[in-house]
Each structure stands twice: as C-alpha cells, then as structure tokens.
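The values are calculated or read from the model by the stated rules, or taken from the named source; none is laboratory data. No experiment lies behind these values; they were computed from the predicted model shown. Counting neighbours? That spans all protein chains shown, and the Cβs are built from the backbone with ideal geometry, glycine included.
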C-alpha cells in the first residue's frame with residue numbers, strides 16, 4: 001500500500017505535532033473526514049451528537065496530544081490524533097481524505113502511527129473499540145479497557161489508588177464473610193440432621 005501511495009503522491013511525507021501545536025484546523029479536518037466516513041456507513045458521528053466532546057478533546061490534546069499528519073506537499077491528506085499517557089498511546093480520532101481510500105490511506109496512517117509509537121518508546125498502542133481486520137493485520141488483540149483516569153496532580157492519583165485498594169479489600173472481606181456464613185450454615189444443618197438421627 002505504501003508503494004501505491006508513493007506512486008500517486010511522490011511528495012508524501014509525515015509531520016508530528018504535539019500539544020498546543022495541534023491546531024484547531026487539524027482537529028476540525030480530522031473530525032470532518034471521520035464524520036463523512038461514518039455517515040457513509042449509516043452511523044451518526046459522535047461529534048455531531050455531542051459537539052462538546054470536541055472541546056474536551058481539544059483540552060486533552062493540549063495536555064497529552066500527539067498528531068501524526070500525512071501531507072502531499074502542503075496539502076494535508078490524513079491525521080491521526082492520539083493521547084500519550086505514560087508509556088501508552090491512545091489513538092482517539094483518525095481521519096483521511098476519502099479520495100485516497102483506494103491506496104488504503106487509513107490503514108497506512110495507523111501503521112505509521114504504530115511505527116511512531118515504537119520509535120517514541122511507547123509500550124502499548126490502543127486503537128480503541130473493536131478489533132476489525134485492519135487492526136488484526138497490525139497485530140492487535142482484543143483487551144478490555146476498563147477505565148482511563150487522568151489526574152491534574154500526583155496527590156489525586158495517590159488518593160484514587162488508595163480508594164481503589166480499599167474497595168478491593170472490602171470486596172475481599174465481603175466474599176470471605178459470605179463464604180464463612182455459607183459454610184457455618186451448612187455445618188449447622190449437618191449437626192441438626194445428626195441430632196435428629198438423619199445422615200451426617
């Protein structure tokens with residue numbers, strides 16, 4: 001696919017933007033491409049149902065954003081907007097010019113993003129929901145992503161971790177007490193049967 005792309009666009013190159021350097025024009029264009037693709041599949045894009053999510057994404061991009069953009073000369077053809085948190089890179093929004101569907105530009109941009117993540121020292125690349133064929137071709141495997149929590153201050157992280165640990169301990173205590181109660185009830189029933197002359 002890369003060779004096809006380069007035959008069609010010999011001047012194709014990638015540019016990486018981070019944080020506030022990711023302009024609103026990049027965000028709007030990627031969201032527009034993404035929305036057009038979803039509408040073609042009969043899906044109402046989330047950005048149209050909840051435009052406030054773009055405002056939230058803008059704030060996250062300012063703090064943790066990485067945008068990998070593909071250009072032919074000065075013309076932007078695609079953008080992958082991701083959030084880098086620790087050693088993880090989460091691709092949050094991807095879009096490309098539909099005129100380049102025939103050279104699999106969306107797949108190529110995901111591949112380029114995976115290469116960028118490896119070179120940047122990321123340990124994991126998250127491509128969000130589902131494991132369609134193109135993700136499996138890049139080695140993806142389904143994993144449950146239970147929760148992502150971003151904190152403004154390390155103190156909040158410590159408080160949250162302590163709260164989660166307490167919840168785990170309480171859960172363990174609950175099940176231990178429940179099993180003890182079940183075992184005690186079974187022992188009481190056996191003792192009652194023995195006293196009544198039944199089977200032990």
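Some notes on this structure:
- Residue satisfying all of: in region 69-105; crowded, with 20+ Cβ neighbours inside 10 Å and part of a helix (DSSP H, G or I); nearest to the chain's Cα centre (by Cα) among these: 105
- Counted residues, region 47-93 - those being in contact with a strand residue (DSSP E or B) (Cβ under 7 Å, 6 or more places away or on another chain) and under 19 Å from residue 14 (Cα atoms): 23
- Of the listed requirements (1) assigned to a strand (DSSP E or B); (2) crowded, with 18+ Cβ neighbours inside 10 Å; (3) in contact (Cβ under 8 Å) with a residue 24 or more places away in the chain, residue 108 misses just one: (1).
The rows are residues; the columns are (1) surrounded by 13 or more Cβ atoms within 10 Å (Cβ to Cβ); (2) under 21 Å from residue 112 (Cβ atoms); (3) more than 17 Å from the chain's Cα centre (by Cα).
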{"residue": "32", "(1), (2), (3)": "yes, yes, yes"}
{"residue": "35", "(1), (2), (3)": "yes, no, yes"}
{"residue": "55", "(1), (2), (3)": "no, no, yes"}
{"residue": "58", "(1), (2), (3)": "yes, no, no"}
{"residue": "64", "(1), (2), (3)": "yes, yes, no"}
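The rows are residues; the columns are (1) within 20 Å of residue 89 (Cβ to Cβ); (2) part of a strand (DSSP E or B); (3) not assigned by TED's automatic domain parsing to the domain that holds residue 82.
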site	(1), (2), (3)
13	no, yes, no
36	no, no, no
55	no, no, no
58	yes, no, no
61	yes, no, no
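- Residue match in region 154-170 (condition: assigned to a loop (DSSP other than H, G, I, E, B), modelled with pLDDT under 90 and surrounded by fewer than 11 Cβ atoms within 10 Å (Cβ to Cβ)): no
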